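So the structure is just underneath, and the comments pick up after that.
The values are calculated or read from the model by the stated rules, or taken from the named source; none is laboratory data. If you're wondering where the values come from, they're calculated on a predicted model, not measured in any experiment. Here the Cβ is made from the backbone with ideal geometry for all residues, glycine too, and neighbour counts use every protein chain on show. Surface accessibility is based on the protein's heavy atoms, side chains included, excluding ligands, DNA and RNA. Shrake-Rupley method; radii C 1.70, N 1.55, O 1.52, S 1.80 Å.
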Amino acid sequence: MAETILSPLMTSLGKKLGDDILQQFGSIRGIDEKREKLQRQVLAIQSVLGDAEKRQVTDKAVKKWLEALKKAAYEADDILDEFHYEGLRCQAKIQDDTANKVLDFFSLHNPVLFQLNMGKKLKDIVERIDRIEAEGAKFGFRGNPQPRTEDRPQTHSFVVESEVIGRQEDKEKIVNLLLNQRENENVTVHSIVGMGGMGKTTLAQLVYGDQRVKNHFQMHIWVCVSEEFHVPELVKSIIALATGKKCDLPHMDLLQRHLREVLSGKRYLLVMDDVWNEDSEKWDDLKNLLGTGGEGSAILVTTRNDQVSRIMGASTSHLLRPLSEDDSWTLFSKRAFVTGAEERPELIEIGKEIVKKCGGMPLAVKTMGSLMRTKNEVKDWSAVMGSEILDTNVGEDGILPALRLSYNHLPPHLKQCFAFCSIFPKDYEMEKDMLIQLWIANGFIPSEGRKDLEVTGEEIFDELVGRSFVQEPAQVIRNERFIYGYERIEKYMMHDMMHDLAKSIMGSDCSQLLKSGHLEELPNDIRHLFISGPRQLDIGKTLNKFPNIFTLLLRKTYQDIRTADLSKARSLKVLSLQYTNSIELPVKIRYLKHLRYLEIFRNDIAELPEAISELFNLQILKLCYCWMLCKLPEAMRNMRNLRHLYINGCPTLKHMPAGMGQLSSLKTLTKYIVGDYNERGIRELKGLNLGGQLELYNLEKVRGMEDAREANLGSKQNLRSLALCWGVSEWSILYKPPEPEVHFLDEEAENAEKVLAALEPHSGLKRLAIWQYGGLCFPMWMMDSLDLLRNLVQIHLGYCRRCEHLPPLWKLSHLEVLSLTEMDSIKHLQSSRSEGTMQPFPSLKNLALFKMQSLKSWSGEEGGDPAAPPCFLLLVRIEIRDCPNLTSMPVLPSLRHLTIKGNSKIPLESVLSLTTLSSLSIETSSANTSGGTQSPSFPQASIPSLKHMNSLEYLSIIGGEELRPLLEREDETRGFSSTLQSLGLGNCNWLFSRQLLSSPLEIWTNLTSLRYLTISNCDALEFWPEEELRGLISLKMLDVSRCRNLTGPSSTSVEQGLAPHLELVRIDDCENLMELLKLSASLKSLEIWSCPNMKALTDQLGHLPALEDLEFLDCPSLTSWSEGMEGFTALRSLIIKNCPLLTTLPRALQQRIPSLDSLVIKGCPDLERRCKRGEYRDLVSRLPAPEIGEPRREQSPSFCRSSCLDCFTPI
């Protein structure tokens, strides 16, 4: 049953009623009186709200009362917002018009009209809340009730070990900790942490009952603590369990003496099960009494909250993870099927789906297994599979009560923040910063004096993680490589059971509309809505359908903005548009007075309307990766509540609005472009307390050292990422900037040196990028005093062509990522005179060297011989591109990923000796570079070989004859036959020339684990390599591009399936291709791009029952395809672009049109006509988002289809 969480909203109302701006309206007759009455009402309601929120669970009348109160409170909140907005608007008008500064505060607006309108609204809501308050008096709510404790069964120490599944490894880890702890410590605390139902008590029972543990400890005590941490009662329990006799001592002093006597000198194990206490003083009181035990004594704590573990000083904390699918199934089947009875296959199939929904939670698996034991019919099992696990009736001791117990212990604002997470679909990876900002925008974060809302939000988030409401996915913090370096992103998920709990609390307040859903199915009282998937969304009608909506998150939708003016949703606080096609704001500004959060991500919007600057309540504005954005609203300085402005990845944005320094609330400004005038200069940053990321561009416009000091970077202690750029609009580690190369005159170089010297940051910086700096040397704060750089994790230096010496980066103990791009004068990476025996780059994990023309060695001195290559102990990934004078590789014991291109003096065998590699990409001679020239060959002292690379998962070879030995013999691929997942081949004509020493088929049949194969620029490939493909039994994806002589199957081709598990085939720019290869029935996606000679499609396409996506782009000769398309039963997406001779669709394919999720037909005049006005019109009209012909005003969002590793490379 959904709950009403009202406490955070009432707290927010109370704060707004005391706001200075609102009190300025007291001069309007009656307003102040009504404000004061509403303030008294809020205080009175707050005093009994805690009791009401508890009673709603069991009393439907109380729940109805709370729902009515919530609706009224939301309306009151909107009214107060309008007062606040009007006050900010008037302030902005006065400040903009200096001639009218002496006017009365309200002279810029019609005070009579405002008085009548707002006075009536305020009067009505006060009377309404008065009536609701009077109704509430009948319930006799108690003021400030004591927290309710649950009557929970006592746990015990016994468990039947054979009944426990999947916890043997966890048990061994904890047993080893207990047996091997330091003897010189009297008492050591260890904890088991996990969400409710995860099996913490069971694991503790396994450990407690282990014979090794019994033999090691002299005394064994099990105490079930539960919610009440009452020290005297706990002491009595410990004494009774240790002695076997009940303890009735009445006084604490007697108790403490007796306890210390009982434990004195004995090595004991105390298990404290189910601890909730967060009061450190109570724990300290108990811990002091437990210290008389013998050396090696241990306390094992189980808790749902990691904060409890920290308070108790646990030396180790074991986070209990969900069971594997195999273990979950074993546990489920033991409960669901009668021992010895035959397990019916149809029930097994359904049962495994039920187990998946349990998410590895043992309690859920056991409960569902026991439930299914009572059901014998397939229809009953199917009904359970189709329902939510928490909706299943499983008794008072089931899943929901176990999880709700944790929820009941949360403070009200944590309850609200947790429940809001149900807006996202299951398994959605939530970005931590984004979620906190959504909480702020919706008013869920309570204000605590001068503490930033973001800090409070982070504390709330961390507490939810610590209490297991939100959990880290398998790889929580990723370093994702973009063209702007490695970006550290924290993402989290919710366990499916926790998501179900949140959903049960929010009810219809939070909803999702995913790929297969329909807008009409959603209830009208939604307040927070997530929409994802291809659909033609009329955003005006959407907002009209949900007039009370606060949050609208759109992901990959197509918007129709024609009726946006009809919007009735005046309470919208969050509008997020990611990967959408709208090139203008889809809602008029006058409907967005309450908006706090506006995001437009990866969109072709060129400029925001000037009226955006009138969103005076806006706190977060995100415009990331809007490539076409060239202008921000000029009056942004009036947006005084703006806290975060994200404009990174907007390369066409060339200047900033004037007066950005007036945004006194600004905490994040990811990009600032220095202008020519004072109000656009660098001094605008002086008074801003910025944090997070800041990129400064056009630094050539800064006039000397004094001007640069005005930025006051040293005082911005919350900055974590800083980029300092000259002459570019975006810095990038992957490609040369499109701007013309900057040549610095001596005077400009001298100014650059002064500017960089004055832009000295704070020492808390984590990432630093310096781009196209024209000075001869780096400043003192980089070269001599490493104190400012000591915390750096990433450094990116690019196009600083005149600098001959790098800072002593090898001394930075935290540096993990280093990229150097076109540093033309750098000859050595580090000095050979490194101090003492210090390990260079002790933490470096990622190194990228791009176009370092003068780089000769890894270590050395000017005029001296190169030193021996250093050892990079922790380096995991290295990229070396176009460094023609580098002669050797360093010692790399931990290397996993290597990309090397155009390096003539590094011996190939030294590269291939790195047997720890899981990813290797080599580009050598015969491979055309982007400039059309050839990369020089690697020198070879011996025949190179891959045979010892037994861990290789990804291999890319782009090159000519010098790489022939790598794949010339069958034994070369034998070593990685069980590991290689992806193979990329470019310019490898020798591989398909049929002139290898042994049969090429033997090379291919070794690749039994290969899943992804890419072949490009192989002119020797004339026919489909059918025999080779047939042996790739695990192949999932085949990508063939720019093979200009490929025509189709050979004359000896046989009617036999290829690569039996192939799911995706992509063919691009094969100019002579006329016929496809024989396709497997497993194929799910077929993409044909830029094949000008392909004229017809054979009937083999009709025998692809699994095909979901079919795409043809730029095939101008394509005229027809076979009528045999009956097998297209799974087709969901059909895209045809620029195939002008294609006039009709096969009849069977026509019948599939109404079932499609996506239909795109463009550049095909006859097909477009049939879809718009002809015989296909009725079929097409049933689709949610058809795109027929070029759109009138918008463009479809484009998504990266590349499978290359350069797009996404996690560490």
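A few points about this structure:
- All aspartates and glutamates inside 20 Å of Lys123 as judged from Cα atoms, apart from same-chain residues fewer than 8 positions distant: Asp19, Asp32, Glu33, Glu36, Glu75, Asp77, Asp78, Asp81, Glu82, Glu86, Glu133, Glu135
- 5 angstrom amide H check on Asp882, placed H, neighbours 5+ away: Lys851, Lys901, Gly902, Asn903
- For Ala1130, residues with placed amide H under 5 Å, excluding near neighbours: Leu1107
- Within straight-line reach of Lys334, meaning a Cα separation under 23 Å, sit the following lysines at least 8 residues removed in sequence or on another chain: Lys171, Lys200, Lys352, Lys356, Lys357, Lys366, Lys375, Lys379.
- Nearby lysines by direct alpha-carbon distance to Lys754 (threshold 17 angstrom, same-chain neighbours under 8 apart not counted): Lys701
- Amide H within-cut-off set for His318, under 5 Å, with H built and near neighbours excluded: Ser191, Ile192, Val193
- Counting 0.36 nm for each residue step from Val891 to Thr979 and taking away their Cα separation leaves a gain of 29.3 nm.
- Heavy-atom accessible surface of the chain: percent carbon and sulfur, 1.4 Å: 48
- Set Lys432/Lys593; Lys491/Lys588; Lys37/Lys63; Lys15/Lys654; Lys214/Lys246; Lys573/Lys766 screened for pairs whose C-alpha atoms are more than 29 Å apart: Lys491/Lys588; Lys15/Lys654; Lys573/Lys766
- Theoretical gain in end-to-end length, Ser382 to Asn180 [0.36 nm per residue, Cα-Cα removed]: 67.8 nm
- Backbone HN-Hα couplings from phi across region 953-963 [Karplus 6.51/-1.76/1.60, Hz, Gly and Pro as x]: 10, 10, 9, 10, 10, 10, x, x, 4, 5, 9
- For region 279-286, 3J(HN,Hα) computed residue by residue from phi via the Karplus equation (6.51, -1.76, 1.60; θ = phi - 60°) reads 9, 5, 5, 4, 5, 4, 4, 6 Hz, glycine and proline entered as x.
- Correct choice for Rg/Rh (Cα atoms, Kirkwood Rh) that was computed from the model, options (1) 1.11; (2) 0.98; (3) 1.15: (2)
- Net charge of Cβ neighbours under 11 Å - reference Ser280; Lys, Arg +1; Asp, Glu -1: -2
- Couplings for region 1038-1051, taken from phi via the Karplus curve 6.51 cos²θ - 1.76 cosθ + 1.60 with θ = phi - 60°, read 10, 10, 10, 9, 6, 9, 6, 9, 5, 10, x, x, 6, 5 Hz in order; Gly and Pro are left as x.
- Per residue accessible area in Å² of the chain, where ligands, DNA and RNA are left out and the probe is 1.4 Å: 42
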